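Colleague: Below is one structure. I have some questions about it.
The values are calculated or read from the model by the stated rules, or taken from the named source; none is laboratory data. Given the structure is predicted, the values throughout are model-derived calculations rather than measurements. Positions of Cβ are generated from backbone atoms using ideal geometry, with glycine treated the same way; all protein chains shown enter the neighbour counts. Calculation scope for accessible area: heavy atoms of the full protein, side chains included, ligands and nucleic acids excluded. Shrake-Rupley method; radii C 1.70, N 1.55, O 1.52, S 1.80 Å.
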Amino acid sequence: METFPSSSATSSGAGILTPDALMVILTWVTFFILLFILQKYAFKPIMENLQKREKEIHDALENADKAKVQLAHIEEEKQKILNTARAQGIQIIEQSRRTARDLAANIETKSHQNAWEMIQIAHEQIEGEKQKLLKTLRQESAEAAITLAGKIIKENMDQDKNRRLVEEAIKQL
Amino acid sequence: MYQTTHPFQLGPYILHHVLDSHEWHLPFLPVIHLPEFISLHGVMIIFCALILVVLFCGFYRHGQRVPTGITNLLEAFVQFIRDEITIPFLGQEDGVQFTPFFCTLFFFILGLNLLGQIPLFATATSNINVTFPLAFITFYLMTVMTLQKRGLKGFFRAIVPSGVPWPILILIVPLEFLGIFIKTVTLMLRLFANMLAGHIVILCLLGLIILFGLWALPALVLAIFFSLLEILIVFLQAYIFVLLSALFIGQMYHPDH
Amino acid sequence: MQTLEISHLANLFVAVGMGLSAVGAGIGIGQIVAAALNGIARQPEQTGKIQTVMFIGMALVEGLAVMCAILSFFIIFQK
C-alpha cells in the first residue's frame, strides 16, 4: 500500500478526481441499454397497468356517485308517494267518518220519525178503541138503564113512550 | 496484518479502499485481476444493471388486478415518481413520457449506492467518472432537447425571466446561462461527494481502531452507526438527484411556472 | 521536530477550512429544521409535506458542506 493505485492519467490531484474516459463511456452505454430494455419490457406494462387501475377506480367511483344520485331520487319519490298515500288515507278516513256521522244522523232522524208515526198510529188506534168502547159502554149502560127502569116502572111503560124517553135520554148523553 | 509487513499508513489505506482499481479482493479467494478495459466500478455498474433487469422483468407479475409483493413495491415507486416528481414539474403529457427515464435514473443510482454499502463491493457512484455521465444526460436534456422541442426562441424564453426591464436583463442572461452549467456541476458533485464522504468517514473510524488497537473500540460502534446513517443518505441522495433533474428540465421546458 | 514545510501548513489551513464548513452546515441545517418545526407546530396535518421540504433543503445544505470536505481531502492527499 505504499504506492497509490494510479489510473491511466497522471494529474496533480489525488486518485479521487482523475478523469477516466473509459468509465464515462461505459456508464453511458450501460445506462442507455438499461433504459431501452426497461422501457420496452418493464415500464410500458407498469405504466399501462397503473393507468388501467386508475381508470377502473375512477369509473367505479363515478358509478358509485351516479348510484348515489339515483338513490337520492328514488328516496325523494318514495317520500312523495308516502306523503300522497298518507294524505289520501287521511282523506278517506275523514270521508268515511263523515259518511258514518251522516248515516248515524239519518238513522236517528228516521227512527225518530218512525217512532213518532208509530206513536201517532197507536194514539189513533187507542182513540178509536176508546170511542168504540165508549159507544158500547153507552149502549150497554142504556140498555141496562132501560131494563132497570122497565123493571122498576113495570106497567107504566108504553111501547112508544118508552122508546121516546129512551131516545131522549140517549141524546142527552 | 499490516504491522508485520508494512507500517500502517492511514492515507493509502483509505485511498486503496475508495479508489477504482483493477483488482478485486474477496475473502478466501485469490485476488481477482480484472482485465485492462474494465475496472472494479465498471463491474459494479454492469452488476447493478443486471440486477435491475432481473428485478423488473423477472419478478414483476403482469395482469394482476390487485398487486402484491414485489409487484406492489415497484408499482408504488413508479407511481410515486410519476405523481410527485415528474408531473408537478413537467406537466401532464411530458411527465408521463419522461417517467421511464426518471425511474431508470432513480433505480440505477439507488442500486449503485446500495451495492456500495455491502462490505465486499465498491461504490461506483463515488467515482466522479460515473456521476458525470448521469449529470451530463440531464444537461443534454436541458439544452439540446429544449432546442429541439421549443426551438431557439423557446430556449431564450427559458433563460430570460419575464417582466424584467432591459438594463437588468443584460446582467441576468449571462448569469442564467452560466447557471445551467453550474446546476449540472452541482448535481454531479453532490452525489459524488456524499457517497465518497460516507465511505471515507467509515474507513477513518476503522483505521483508528487499527492504529490504536483495542482502546479505540467505541469507534466500532460509531462506524456501525454511521453505516446505518449512510443508508438514509443513499436513498436521500438518489431522490434528490432525480428531483433536481426533473426540476431543472421542467424549468427549461415550461418556463412559465 | 521536522521542518515546517508548506504541505504541513496547507494541511493545517485545510483543517481549519473544514471546520468552518462544518460550522456553516450546522447553522444552515439548524435553521432549516427550526423552520420545519415551526411549520409543524402551527399545522400538524401538513407534517408530511413539511418533512419532504425539510429533507430536500437538508440535502442541499449538506451537499455544500460535503463538497467542501471532499475538496479538503483532495488537497490533503495531493501527491
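Colleague: Given the options B:Glu75, B:Glu84, name the one that is closer than 30 Å to B:Phe177 by Cα and among the acidic types (Asp, Glu).
Modeller: It is B:Glu84.
Colleague: On to the next question. Tell me which of these B:Leu50 doesn't satisfy, since it passes every other one: (1) more than 23 Å from B:Thr131 (Cα to Cα); (2) open to solvent by 80 Å² or more (accessible area, probe 1.4 Å); (3) assigned to a helix (DSSP H, G or I).
Modeller: Result: B:Leu50 passes all but (1).
Colleague: Also: Looking at the structure I just gave you, is C:Ala34 open to solvent by less than 60 Å² (accessible area, probe 1.4 Å), more than 14 Å from chain A (Cβ to nearest Cβ), more than 24 Å from B:Glu84 (Cβ to Cβ) and out of contact with any Cys (no Cβ under 6 Å at 6 or more places or on another chain)? Lay out the reasoning, then the answer.
Modeller: On the way: open to solvent by less than 60 Å² (accessible area, probe 1.4 Å): yes; more than 14 Å from chain A (Cβ to nearest Cβ): yes; more than 24 Å from B:Glu84 (Cβ to Cβ): yes; out of contact with any Cys (no Cβ under 6 Å at 6 or more places or on another chain): yes.
Criteria met by C:Ala34.
Colleague: Let me ask something else about it. When you check A:Ala72 against the structure, is it over 30 Å from B:Leu134 (Cα atoms), small (Gly, Ala, Ser), part of a helix (DSSP H, G or I) and open to solvent by less than 70 Å² (accessible area, probe 1.4 Å), yes or no?
Modeller: Criteria met by A:Ala72.
Colleague: Return a yes/no flag: does the range B:27-41 have any residue that is assigned to a helix (DSSP H, G or I), of a type outside the set (Asp, Glu) and under 24 Å from B:Met188 (Cβ atoms).
Modeller: Yes - at least one qualifying residue is present in the range B:27-41.
Colleague: Does any residue of the range A:105-116 turn out to be open to solvent by 100 Å² or more (accessible area, probe 1.4 Å) and more than 40 Å from the chain's Cα centre (by Cα)?
Modeller: yes
Colleague: Which residues, counting only those in the range A:10-26, are at pLDDT below 55 and open to solvent by 40 Å² or more (accessible area, probe 1.4 Å)?
Modeller: Matches in the range A:10-26: A:Thr10, A:Ser11, A:Ser12.
Colleague: Determine if the range A:53-62 includes at least one residue that is more than 34 Å from the chain's Cα centre (by Cα), assigned to a helix (DSSP H, G or I) and surrounded by 13 or more Cβ atoms within 10 Å (Cβ to Cβ).
Modeller: yes
Colleague: Here's a check for you: in the range A:27-70, which residue that is closer than 24 Å to B:Ile137 by Cβ and basic (Lys, Arg) is modelled with the highest pLDDT?
Modeller: Taking the candidates together, the pick is A:Lys40.
Conditions (1) open to solvent by less than 60 Å² (accessible area, probe 1.4 Å); (2) out of contact with any helix residue (DSSP H, G or I) (no Cβ under 8 Å at 6 or more places or on another chain), marked per residue:
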| position | (1), (2) |
| --- | --- |
| B:Thr71 | yes, yes |
| B:Phe80 | no, yes |
| B:Glu93 | no, yes |
| B:Phe101 | yes, no |
| B:Leu105 | yes, no |
| B:Phe108 | yes, no |
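Colleague: Would you mention how many residues in the range B:203-253 are open to solvent by 40 Å² or more (accessible area, probe 1.4 Å), touching a residue at least 60 places away in the same chain (Cβ under 8 Å) and more than 14 Å from chain C (Cβ to nearest Cβ)?
Modeller: Residues flagged as open to solvent by 40 Å² or more (accessible area, probe 1.4 Å), touching a residue at least 60 places away in the same chain (Cβ under 8 Å) and more than 14 Å from chain C (Cβ to nearest Cβ) within the range B:203-253 amount to 5.
Colleague: Residues of the range C:53-71 being without any contact (Cβ under 8 Å) to a residue 40 or more places away in the chain and more than 7 Å from chain B (Cβ to nearest Cβ), which ones?
Modeller: Across the range C:53-71, the qualifying residues are C:Val53, C:Met54, C:Gly57, C:Met58, C:Leu60, C:Val61, C:Glu62, C:Leu71.
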